[in-house]
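In what follows, a structure is listed as structure tokens, so that the remarks can point back to it.
Only the coordinates and a few stated rules stand behind these numbers; no lab work does. All values reported here derive from a predicted model rather than from experimental measurement. Please note: Cβ atoms are built from the backbone with ideal geometry, for glycine as well, and neighbour counts cover all protein chains shown.
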Amino acid sequence: MAKTANGLVPGSIRAILGCEVFVSIRTFLAAGTIAAVALLASCSQTSTAHASDNAAAERSDRKPAPDFTLQDANGTPIKLSDYRGKAVLLNFWATWCGPCGLEIPWFTQFQQQYKSKGLEIVGVSMDEEGWKAVKPYIAEHKINYRILLGNDSVTQLYGGVDSLPTTFIIGRDGKVSYVHVGLAGKNQYQSEIENVLGNVSAHDTQSTSLHMPPARSAGPTK
């Protein structure tokens with residue numbers, strides 16, 4: 001996966017799975033600094049967005065998150081479908097990605113706060129150096145949720161994942177409710193997590209949305 005550099009949503013992440021991708025200018029304000037905006041630009045590609053009044057969790061055409069099997073840090077094969085019945089925050093990230101590093105403390109907090117209510121956070125690292133880079137990062141940042149090592153085959157199932165971070169919030173039924181391409185705000189994540197856990201109404205979630213693309217056929221990403 002290339003480390004791309006400009007600041008909007010990639011064209012290859014639209015209308016996949018019949019769900020919504022949520023992007024908000026408030027994301028940049030939540031990051032708190034101009035430096036955070038620059039970090040976001042370091043991991044993203046270009047596209048356009050259009051507004052929608054409907055939250056993805058309200059849509060009847062939500063599609064199942066594609067299943068996959070990847071290994072965790074212990075070499076254990078983990079299937080996404082193993083988490084059926086739980087809400088899942090699936091985060092594609094890398095150790096070199098600045099915005100990913102901003103989100104990780106939030107995810108660590110969410111894992112602790114919501115695990116007992118049925119949330120599981122799963123990070124899929126796209127580091128080309130593999131566990132050599134990822135394991136020390138896990139230890140340094142005290143990541144308390146499962147990290148898997150990703151590959152191009154899995155990213156193709158999710159529309160290519162041209163930008164990092166890219167995050168899918170999946171309901172207990174295994175269907176995608178929300179997608180974020182690039183850095184999202186902590187409060188927005190929390191609202192959506194509570195939504196899929198059934199704690200708040202979908203009408204309480206306010207987002208700007210765009211459609212995601214169909215999954216690509218298998219092939220290398222540059």
Subject >> Net +/- balance of residues flanking P105 in space, Cβ distance below 14 Å, scoring K and R +1, D and E -1 >> reply: 0
**OP:** Given a cut-off of 23 Å, name the pairs among K63/K186; K63/K86; K135/K186; K115/K186 whose C-alpha atoms lie farther apart than that in the structure shown.
**Re:** K63/K186; K135/K186
**OP:** On each of the three principal axes of the Cα atoms of region 81-186, give max minus min coordinate, whole Å, ordered largest first.
**Re:** 34, 29, 26
Subject >> Long-range amide H partners of S177 with built H, under 5 Å >> reply: I169, I170, G171
